[in-house]
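The structure under discussion appears below in the form of structure tokens.
What follows draws every value from the coordinates through simple rules; no lab data is involved. The model shown is predicted, which means the values in this text are computed figures rather than measured ones. Cβ sites come from the backbone with ideal geometry, for glycine too, and all protein chains shown count toward neighbours.
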Amino acid sequence: MAIPFFSIDLNNREFFKIIKDFFLPVNFKKSQNEINLFLNERFKNKYINLLPSARLGFYLALKKNLKEGDEIIFSSMSFPLYLKIASELKLKIKLVDVDSKTMNIDHKLLEEKISKNTKCIVVTHLFGYPCKIDEIKKFTQDRNILLIEDCAQSFDTFYNNTETGMFGDVGIYSCSLIKIPTTLSGGILISSNKELNKYINKWTEDNIKFSFKKKFLLFMKNIVSVINSFPFLYSILTSKIFFFLDKFNPRIYRKIIYSGMGISTKKFDAMERSTLSKYQIEFGLSQLKKLDQMKIRRKENIEYLIKNIKNLENIELLDYDNDIDWNYQYFVIKIKKNFEKFNKNLFKQGIHAMEENVWNCLDYNYEIQNYSDNFQVTSKNNPKLLRIQNSSYLSKNHLDKIIMGINKAHEYTK
Ligand SMILES: Cc1ncc(COP(=O)(O)O)c(C=O)c1O
């Protein structure tokens, strides 16, 4: 049996409900009210926008708050599309290297990069683990700098008992297909700024028109992806196709796998997606209701995986603090030697991991103000990162298969 890149925690009842809610979207308002209630309760004292994607929230937050020529700082391992959006808005981009333990922005290097033109700092809680947001906030608080938390991967992650996204002026979560929680494409923006909230509502009302075609295409894509997220069905339907694609046309294969990153298209299209449908909101709600349960399982999974691979000499784990309550969404390992051979062998055994070498923002030809600085932690570590899927849906058998695969592939690193 093959293990796909991701799994979604859903049962048969939820699956059929998705189909029913798509074709019979009655009581849409009721679902919308229910999800709003849930989010208002979770993110107290924040204004909330439920959006077709996180990227749209990011685009609108920049559009509303910044102007041409303003300086924006990202970590050198950020979501590359966000840099593209910033450069299309004619902002001046600076980067700060990451910390070698977590791959999050190195707050110790941040202060020296801040100038009088700095108007925004974007921090990414990469792989679901929080950055030192309290330290970073000290730099933005008194300087009138907008602090945006990219929480695309960090819903249900806490730092000092406060959820990521609650520290900054703006927090943006992704609910795309492979995220937790997922609305099978979507995003949530929270902020303390009523004007931003109103601006986003008005912008979406004016610009995102109902499109049955877009909704239907997304629905079909979702059904295919959901089906393929079950290891059993993935093994029968797709894994062999991917195997051949990877062998004979790795470029196309990579394009498919990373298509969600939006970096291959020429220009960011803010209107690319339609508003959320009833089935998406309902599915998001069912995910939100079982957040705790899913997190406990993911934590157990990671502990089990770590216990069984930690002695492999060429595999290193990120150095996370045990006291941090993070969401265990990503299980990322560092392959110290022969990354390609390791991953190829793992792939051959049917364990399809994601190469996490896409985060180095220096790789994309964006205009970076401090391009010639040294980003050695990023350049040294990014090519070695591999994401092994972790979902509450995985059984012990699946995990044992992953462990066996990693152990075998490790032989190729020597
Ligand atoms: C770190 C990070 N930021 C932003 C995004 C964008 O999220 P969305 O796909 O919902 O626009 C993603 C999605 O993969 C991400 O991983």
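Under a crude label model (7 Å from the Cα following the beta-carbon direction), how far is residue 63 from residue 408 in nanometres?
Spacing of the two 7 Å Cα→Cβ label points: 5.0 nm.
Residues of the stretch 280-300 with amide nitrogen under 20 Å from the 7 Å Cα-to-Cβ point of residue 224?
280
Subtract the Cα-Cα distance of residue 400 and residue 264 from 0.36 nm times their separation in residues, and report this length gain in nm to one decimal. Can you show the working numbers first?
Working: separation 136, 0.36 × 136 = 48.96 nm, distance 3.56 nm.
Contour length minus Cα-Cα distance gives 45.4 nm.
Rounded to the nearest Å, what's the spacing between the alpha carbon centres of the stretch 13-29 and the stretch 282-308? Just the number, please.
Rounded to whole Å, the Cα centres lie 24 Å apart.
Sort 304, 371 so the one with the fewest other Cβ atoms within 10 Å of its own Cβ comes first.
So the ranking, lowest neighbour count to highest, is 371, 304.
Simple spin-label model, 7 Å along Cα-to-Cβ: residue 303 to residue 232 in nm?
A separation of 2.8 nm, rounded to one decimal place.
How far apart, in nanometres, would the label points at residue 311 and residue 212 be if each is projected 7 angstrom from Cα along the Cα-to-Cβ direction?
Here the modelled spin labels are 6.2 nm apart.
Could you tell me the distance between the Cα centroids of the stretch 137-216 and the stretch 336-368, to the nearest Å?
That distance is 28 Å.
Can you tell me the FRET efficiency between residue 247 and residue 201 if r is taken as the Cβ-Cβ distance and R0 is 45 Å, rounded to the nearest 0.05?
Efficiency, rounded to the nearest 0.05: 0.40.
Extension gain residue 289-residue 135, at 0.36 nm per residue separation less the Cα-Cα distance, in nm? Don't skip to the end; give the middle numbers.
Details: separation 154, 0.36 × 154 = 55.44 nm, distance 3.21 nm.
Taking 0.36 nm per residue and subtracting the Cα distance, the gain is 52.2 nm.
Counting other beta carbons within 10 Å of each Cβ, put 234, 364 in order, fewest first.
364, 234
In whole Hz and in residue order, list the ³J(HN,Hα) couplings for the stretch 381-390 that follow from phi through the Karplus curve 6.51 cos²θ - 1.76 cosθ + 1.60, θ = phi - 60°; x for Gly and Pro.
Karplus values, whole Hz, x for Gly and Pro: 8, 4, x, 9, 8, 9, 9, 9, 5, 9.
With runs of 4+ DSSP H residues as the only contributors, calculate the mean residue ellipticity of the chain at 222 nm using -39,500 (n - 2.57) per run, divided by the residue total and rounded to the nearest 500. It would help to have the intermediate numbers written out before the result.
On the way: 16 runs with 179 residues, N = 414.
It lands at -13000 deg cm²/dmol.
Show me the ranking of peptides 394-406, 276-288 by mean Cβ neighbours inside 10 Å, starting with the highest.
Taking the mean over residues of other Cβ atoms within 10 Å, the ranking is 276-288, 394-406.
With r defined as the distance between the Cβ atoms of residue 158 and residue 337 and R0 fixed at 25 Å, what FRET efficiency is calculated, to the nearest 0.05?
Between residue 158 and residue 337 the formula returns 0.10.
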